[in-house]
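Can you keep this structure in mind? I'll have questions shortly.
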Amino acid sequence: MSLLRSGVLVAATLALSLNLLSQQTLTTAEQPQAASPAQSQNAAASPANDLTQAQSEEKTAKTETSQDQNKDSTDSKQRKTHIGLGAVTVGAGYSHFSGPPYPYGYGPYGYYPYDGLYSGMLWSPIWGPYYDPAYFSRGYGRGEVRLSADPKTAAVYVDGGYAGTADKLKNIWLDPGAYDLSVTADGREPFKERIYVLSGKSVKIAAKLSESKDKPQP
Amino acid sequence: MKRKFWTALLLAGTACFAGPGPKGTAPKSAASFYSTHAEQQGTAIGATLVSPQQAQKLFTSPVNRCCTVIEVAVFPSKDRPQDVSLNDFVLRVEGTETALKPSSAQVTAASLRKKASSDRDVRLSPTVGVGYNTGGYDPVSGRRGGVDEGVGVAVSDGGPGPKPGSTEKDRSAMETELSEKGLPEGTVTAPVAGYIYFPVSNKKGTTKVLEYTLNGKKMVLTLR
């Protein structure tokens, strides 16, 4: 029996897109002054005078640096930040999932490595081995055992551990595997059966306990 | 109290080291109680073809999906132990030339393991959408005008998800079931019975012949 899981997701989203409009009005960048024709001529006329040329280049570099600083200060004064409302969007969504259950070991939040280590059987020094009733609840990757017993108050044991009374264990969910199921009641013959559980499958067990031949002595 | 504790500990220890469960099925009182039977050198064999419907009831594992299941019982002679082996059985399907050997529980369980359908399949879902949008900001001209509005509606059915596959635990459980219900192998002195699995689909109306080789001599059982 395949499990049917459905989930409905309705989402309404109001999104305000804020556009950060940084309009940068750039001033027309002043072009560095070209070297004067006289300087060019001078440079062309006396190429051997390296010292003079180096000094003049140093001066030109200093002039460009000061010009850049002036340009930056002008930009910061003229730059304005505008915040504009771009769009208002209202959305609604509907999602329906009718897929299968997660395979064994995988829950909705990923792989759970300790699933296989948890046997579910507890131990009481008085009652012996027993199961937490919640252990037989429905879960991912589990198989179902549909149990009907007569009498309904009969005690149910799984692999020797007390599971509860038959009337409260009509649907037992177990991990895939082989189990020894036994149903006992006072004055009745015990019912024992080897059951095999597969994920997503259902097994019907009808345990009708006949009257015990050995009558209890008074 | 101490006595109880040690008794419980002993029981738990015994349970831990206990072997696998009982093998095979309970043999009927005689080979003649099976659908077909034969006898040779004091050893009798009975066999019954299990229909797919019966297999569905008898097994939790979907064994009828891959195999033909036959219940076989071996009744050895009283004074001589009999060696039972799956290799001594051969199944012939009428109209075909092939002779099949039984599959072990391990192989059968592996072949029954169902693969999950791939998540990579492209699935189309019907979707309806309505949209409206006017105005806006033109970055080229710098003009701002109109009104920005947006309305959207979308409905989509996700459709069926990928089918789940069998897990390793499922395979192990199937192997356990098929092994425990299978015909016990080895030297036997008392009647034994169990199922054997042949890797061929059990089609209705086809006659099958089960051959059993006993000390080099064949015993033929016709199954319908």
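Where a number appears in this text, it was derived from the coordinates with a stated rule and is not lab data. These figures come from a predicted structure and were not determined experimentally. In this analysis, Cβ positions are derived from the backbone assuming ideal geometry, glycine residues included, and neighbour counts consider all displayed protein chains.
Among B:Phe198, B:Ser179, B:Val220, flag the residue with its Cα farthest along the positive direction of the charge dipole of region B:170-224, charges on Cβ as +1 for Lys/Arg and -1 for Asp/Glu.
Towards the positive end, the residue furthest out is B:Val220.
How far apart, in nm, are two points set 7 Å out from the Cα along the Cα-to-Cβ line at A:Thr165 and at B:Ser172?
3.5
Continuing with this model, one more query. Can you figure out the FRET efficiency of B:Gln40 with A:Ser210, using R₀ = 41 Å and their beta-carbon distance, to the nearest 0.05?
0.50
Under the rule a/c < 1.5 gives rounded, and otherwise a/b versus b/c splits prolate from oblate, where does region B:161-224 land using the Cα gyration tensor?
Here region B:161-224 falls in the oblate category.
Taking a ≥ b ≥ c as the square roots of the Cα gyration tensor eigenvalues, with a/c under 1.5 meaning rounded and otherwise prolate when a/b beats b/c, else oblate, which class fits region A:120-208?
oblate
Determine, for B:Ser29, B:Ser166, the number of other Cβ atoms within 10 Å of each Cβ, and report the residues in order from fewest to most.
By the 10 Å Cβ count, ascending: B:Ser29, B:Ser166.
Return the FRET efficiency for the residue pair A:Asp186, B:Thr96: r is the Cβ-Cβ distance, R0 is 60 Å, and the value is rounded to the nearest 0.05.
Given R0 = 60 Å and the Cβ-Cβ separation, E is 0.55.
If you don't mind, there's one more thing I want to ask. Looking at this model, which pairs from A:Lys201/B:Lys57; B:Lys57/B:Lys181; B:Lys23/B:Lys204; A:Lys192/B:Lys23 are more than 23 angstrom apart at the alpha-carbon?
Long pairs (Cα-Cα over 23 Å): B:Lys23/B:Lys204.
Assuming R0 = 41 Å, can you tell me the calculated FRET efficiency for the pair A:Asp150 and B:Lys114, based on Cβ-Cβ distance, to the nearest 0.05?
0.70
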